[in-house]
Amino acid sequence: MITRIVQPVVSIFILLCLSLTVTAQEKVNIQGIIKDESGTPVINASVSLNGTTVVSSEAGRFEITGVNTGKQKLVVSSIGYESKTITVYVSARPTDIEIVLTSLTSQLQTVEVTGRRTEGYKANYSFAATKIAIPVVEIPSTVSTITQSMIKDRQAVRFDEVARNTNVRVTNTGRSIIIRGFDNGTKLINGLRTLSPNYRFSSITPVVESFEVVKGPSSSMFGNMSPGGVVNIITKKPLADKKQSLSFSAGSFNTLRGDMDFTGKLTDDGTVLYRLNIFGQLSDTWLQNMKDNALTVAPSISFLPREGTRINIDLNHTRLTTMENVGIFPFRNKPIDETPIHFTVLQAGDRNNTTTTSLNLSLSQRITKNIAFNMSYLKDNLSWEERKHDPSTFYGDRAWVSDSAVSVSYAEWETRMNSDNITGYFTADFNTGRLKHKALLGYDFNVSLFNWGTFRYNDSVGVVNVYNPAKSSTLDRSLYNLTVTNYDRANQTRDYANGIYFQDQISILTQLKLLLGLRYEKYTYRLAYKTPTENEVSQSVWLPKVGLTYHLPSDTYIYASYVTGFEPVSSRILAGGFGKLEGEGKFKAENSYQFEIGVKQELFNKNLLVTAAVYQIKKKNLTQLINPTVPNAADRLYRQLGEVTSEGVEVEANGQIGQSFSLSAAYNYNHARITNDINEAKVGERLGLSPKHQGNIWAKYEIVNNSIWNGLGIGVGASFSSETPLLQAPAIATPGYGVADAAIMYRINKVTFNLNINNIFDKRYYTGAVRQTERFYTGAPRNIMFRVGYTL
C-alpha cells in the first residue's frame, strides 16, 4: 500500500518542483521583512499587490514574484496592527524592503471574535487564561498553545495527535485528557463550555485555528472543571484578506483526506466577511473492523457595520463514523504484549455515528475608547447511535472460554444531548492615580440536557478466538435476542451553572503587574427532569485568584500565582437515591487550589519563548464510600475527606531560533498521588494514567534565501514517557516508551508538499490502561501521510 502511494507521488513531486522552480527564476521579485515597533518580526501579515496576496513567514519575511518594474503600491495588514500602504520602486533586480507596523490595542481586546493568524510555533497572546488578549509573558501561569503551523506541520486531524507538544496525555480517542495528573472533563470552544467529551470525539483540526491549554484550576474564569487544566479550542474566523486553499492527502490505513479553506470579503467595502471550511476523510485504522470516517462543514460570517462593532456567526456540522477505542486486552495466562496490536472483537457493520451541530454567535462592541462589551452564545447538539460487539472482560474469569477465546456481548444505544452557553462581559482600561487597570466584569450561564434514549443488549452472543478464528462463533446481530431498556424522562438529567466574575490586571509599575480575580459560581443539578419525582441539588462556591508578574531586563519575566477551582460532587450521588452523607450533612463541592511560580524568557529577538514552572495542586473534599459492601444502594454512606496532591516541574520552549530553525519542546515531571483516604493503605498511591516523566521535541529546519532550494524543510521529533499507572489499578503500570517522527516539507510559490512518517521504528507502546484485564490503549504503529496543498 505504501509503495503504491509513494512512488507516483514522488514522481509528481519531482516534476512539479522542477517546472515551478524554472518558472520562479525568470521573474522579478519584491521581498522584505515586516516588524513591529519593538523590532519583533510580524508573523503571517498579509502583503497585497495588484490582486496577489502573500503572508509573512515565521521570520516576518515575505516575497512576491512576477512583479512589473516601476512604481508599485503595497498594502500590508495584520490583526492587531494598523494597515499600511507604501509605494515601492521596482527595478530589474530583486527589491528588499523593511516595513514597520504599529500595534492596535483595541483589536487585541476582541481577539476571539476577530480570529488569529499565528504561523509560527510561538503564540504572543492568549485569550483563554484571562478572557482578554494580553501578552503570554504577562500571564502569571502556564499557557501552552498549539498553533496552526504546528497542526499543519504534523498533519494532525485531532487534538490527540499534537497534545504531547503541551505535556498533555491523551488516551482512548480523546476521552481521557490528563493535564498535570488530573483527568480533564471539559473542553472550551472560543471560551465557551462544550458538551461532555465522554460523548463526543476530538474536534476536527482543519476548522481549528489553534489549541490553548491553560494549566491548573481555571474555575475562576470558566466555572466547574478539572484542577489540572482546560483545553480551549479556537476556531477559524473570517479574514478581510482573500485566501483560498485546497489540499489532498493520502496515506497508511487506506486513508484519503481532502479539505478546503476559503475566506475573504463578501462586499467590496469589507463590511461582510466570510469563511468556509470543509473537511472529509475516509480511513481504516490499525484496529480491525474500525473505521474513522469524518465530514465537517463549517461556514462563518462576520459583519462589521461600523468601526468598533463586529458580529460573528459560526456554524459547525460534523458527522463521524468511527468507534470508541476500547483498547486491547491480555488473554488468559498470557502477557498483554502477545495480543496482536490490531485485534478487536468488532464485527463488520459495527459503528458509531456521532453527529454534532453547533452554532456560535459572537458580538464585540467598543462603547468608548476605553470600554468594550463582548458577548458569545454557543448552542451545541449531539446525537449518538452505536452498534458494537464488546469483549466481556469485565466478568473476570467467566469471560474466558479458553486461553485464546473470550466471551462477547453486544449492545445498541441511541442517545441525545444538547447545551446552551452564554457569556457576556465588559472590559475597561482606566487609571487610578499612577495605577493602570485592565478590568473585566462578566456573567456566564450554561445549561445542558442529557437523554439516555434507548439501550438494547445481550450479555453473551458468542465467543471470539484470537489465535484460531475458525473456532470463533458466527456473530450476526440479526440473530440476537436483545433486552430493551427505554429510558424515559425519569432518566433525563439537566444541569445549570451561573457565574459572576471580576478580574483586574493592575500595572503597579512599568515592570510589575498584579492580576486579581473573583468568581461566584452556583451549580444546580436536576434528576428526573420535569417529572413528579424531579430531584434538585445545588452547590455554590467563591473562587479567588491572584498573580504577580515582574519584567526583568533582557526580556525575562518572573511570576507567582494562586488560583482556585471546584468540581460538583457526582450528581448521581447527590440526587439519584444512591446513598447519603455521613451524619446527615450536605455535600460540599470538591475544591482545588494551585500554587505556581515560574519564569518566562524571550530569546532570539523575542522569537523563542521558554517557560519553566514549579507547581503544587491539591484537590480536597473528595467524596468516598464508607460501606461499599452494603446490599442496598440507598443505604450507602459517604464521607468527604479525600485529598489528592499533584506536584511537578514543567519546561517548554516554542518559537524560532534564527531565520530557518523552528522548535517546540516540552518536559514535565509530575508526582500525583493520594494524600488522604479512608483506607490509610491507599495514602501515597499514584493517580492513574499519570506518568512521572513525559516530554516531546519537534524541530524544523527550512531553507530560506536560496533560489533553488528555498522552501525545503525537514522536521524531526521524538516523544517519551515513563511508566504509566493503570487507571483503576495504579500499583500496576504500562511500560515507558520513546517514539520518533519525521517530515519533509517543500513550499514553492502557491504549492506545498508534506510527507510525514510517524513512529518511524514501529514501536509498540501503550498510552495507558484501565485495569489488568482490559482496555490497554496502544499508540499507532508506523504510518505515512502525504499531503499536497494549493493556495490561490
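Quick note: the coordinates plus some simple rules give every number you see, no bench work behind them. What you see is a predicted model; the values in this text were computed from it and never measured. So basically every Cβ, Gly included, is an ideal-geometry build from the backbone, and we count neighbours across all protein chains shown.
Details
- Environment charge at residue 718 (Cβ cut-off 12 Å; Lys +1, Arg +1, Asp -1, Glu -1): +1
- Taking the Cα centre of the range 305-444 as origin and assigning +1 to Lys and Arg Cβ atoms and -1 to Asp and Glu Cβ atoms, the resulting dipole is close to 1000 debye.
- Think of the chain as having a plus end and a minus end, set by charges on the Cβ of Lys, Arg, Asp and Glu; of 357, 581, 748, 748 sits farthest toward the positive end of this dipole.
- The H on the amide N of residue 472, modeled in the peptide plane, is under 5 Å from the matching H of 465, each at least 5 residues off or on a different chain.
- Projecting label points 7 angstrom from Cα along Cα→Cβ for residue 242 and residue 703 puts them 3.3 nm apart.
- Projecting the Cα positions of 52, 778, 247 onto the charge dipole of the chain (unit charges on Cβ atoms of Lys, Arg, Asp and Glu, taken about the Cα centre) puts 52 furthest along the positive direction.
- Here the Karplus relation 6.51 cos²θ - 1.76 cosθ + 1.60, evaluated at θ = phi - 60°, turns the backbone of the range 514-530 into coupling constants of 10, 10, 10, x, 8, 9, 10, 10, 10, 10, 10, 10, 10, 9, 6, 4, 6 Hz, with x for every Gly and Pro.
- Prolate/oblate/rounded call for the range 592-717, Cα gyration tensor, a/c under 1.5 rounded: prolate
- Pairs from 471/763; 438/545; 122/438; 388/692; 237/291; 291/763 whose Cα-Cα separation, in the structure shown, is over 26 Å: 471/763; 388/692; 237/291
- Fewest neighbouring Cβ atoms within 10 Å first, the residues 701, 410 line up as 701, 410.
- Environment charge at residue 621 (Cβ cut-off 11 Å; Lys +1, Arg +1, Asp -1, Glu -1): +2
- Modelled label reach - residue 508, point 7 Å along Cα→Cβ, the range 400-440 residues with backbone N closer than 16 Å: 432-438
- Applying the Karplus relation 6.51 cos²θ - 1.76 cosθ + 1.60 with θ = phi - 60° to the range 537-546 yields 3J(HN,Hα) values of 9, 10, 9, 9, 7, 9, 10, x, 8, 8 Hz, where x marks Gly and Pro.
- Taking amide H as placed 1.01 Å from N in the peptide plane, the amide H of residue 192 sits under 5 Å from none that are at least 5 places away or on another chain.
- Computed FRET value (nearest 0.05) for residue 85 with residue 763, which takes r as the C-beta separation and R₀ as 60 Å: 0.65
- About the Cα centre, charge dipole magnitude for the chain (Lys/Arg +1, Asp/Glu -1 at Cβ), debye: 740 debye
- Backbone N under 13 Å from the residue 367 label point (7 Å along Cα→Cβ), restricted to the range 305-329: none
- Rounded to the nearest 20, the Cβ-based charge dipole of the range 645-745 about its Cα centre (Lys and Arg +1, Asp and Glu -1) stands at 120 debye.
- FRET efficiency for the residue 624 to residue 343 pair, using the beta carbon distance and R₀ = 30 Å, is estimated at 0.25.
- With a cut-off of 10 Å between beta carbons, the residues surrounding residue 262 carry a summed charge of +2, where Lys and Arg count +1 and Asp and Glu -1.
- Estimated distance in nm for a label pair at residue 447 and residue 728, the labels positioned 7 Å out from Cα along Cα-to-Cβ: 3.5 nm
- Shape category assigned to the range 189-342 from the gyration tensor of Cα positions, a/c cut at 1.5: oblate
- Distant-in-sequence amide contacts of residue 35, defined by a placed amide H-H separation under 5 Å and a gap of 5 or more residues or a different chain, comprise 42, 99, 100, 101.
- Antiparallel content of DSSP bridges confined to the chain, in %, to 5: 95 percent
- Largest-first principal axis extents, alpha carbons of the chain, Å: 88, 70, 45
- Placing a label point 7 Å from the Cα of residue 679 along the Cα-to-Cβ line, the residues of the range 622-655 whose backbone N sits under 18 Å from it are 622-631, 636-645.
- Couplings 3J(HN,Hα) of the range 212-224, computed from phi: 10, 10, 8, 7, x, x, 10, 5, 5, 9, 10, x, 5 Hz, in residue order, whole Hz [Karplus 6.51 cos²θ - 1.76 cosθ + 1.60, θ = phi - 60°; x for Gly and Pro].
- Prolate/oblate/rounded call for the range 273-319, Cα gyration tensor, a/c under 1.5 rounded: prolate
- Cβ-based exposure ranking for 551, 342, in which fewest neighbours within 10 Å come first: 342, 551
- Label point distance in nm, residue 93-residue 474, each placed 7 Å from Cα along Cα→Cβ: 8.4 nm
- C-alpha long axis of helix 2-25 to longest principal axis of the chain, angle in °: 20 degrees
- D (Stokes-Einstein, µm²/s), Kirkwood Cα radius, the range 211-296, 1.002 mPa s at 20 °C: 130 µm²/s
- For the pair residue 295 and residue 595, the difference between a 0.36 nm per residue extended length and the Cα-Cα distance amounts to 103.8 nm.
- Part-to-part distance (alpha-carbon centres) for the range 332-410 and the range 675-731, which is given in Å: 22 Å
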